[in-house]
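First up is the structure itself, then whatever we jot down about it.
The values are calculated or read from the model by the stated rules, or taken from the named source; none is laboratory data. The shown structure was predicted, so the numbers you read here are calculated from the model rather than taken from an experiment. Cβ placement follows ideal geometry from the backbone for every residue including glycine, while neighbour counts extend to all protein chains displayed.
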Amino acid sequence: MKYDVLQVLGMVVLVVSAQALVRLLVDHGERGVLGDLPGGFVPLLLTYAALTAAGVLLTGWAHARAKALGRR
């Protein structure tokens, strides 16, 4: 059950951050959920990219752990 929750959490982080990353790339004025971060375009872009990667890694890791336990 724990890995299922972590997998869903990773997918939510992935979807929200990837959507914000694409939106930021298309429209530089649309800063998204983390728009209050200081530093401008590049730090925000790197933050969204890091969160997207973290979502992918968390989802993959949780899925692999659940599969190793025979839940998949």
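The table below lists the values:
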read-out	value
First in region 20-46 and aromatic (F, W, Y), second anywhere and surrounded by 11 or more Cβ atoms within 10 Å (Cβ to Cβ) and at pLDDT 85 or above, Cβ under 8 Å, 6 or more apart	F41/L24
Residues located in region 1-56, provided they are outside any helix (DSSP H, G or I) and aromatic (F, W, Y)	none
Filtered residues of region 25-43 (kept if surrounded by 14 or more Cβ atoms within 10 Å (Cβ to Cβ) and under 24 Å from V8 (Cα atoms))	G32, L34
Region 1-13: number of residues that are within 15 Å of L57 (Cβ to Cβ) and either in contact with a Ser or Thr (Cβ under 6 Å, 6 or more places away or on another chain) or not aliphatic (A, V, I, L, M) (or both)	4
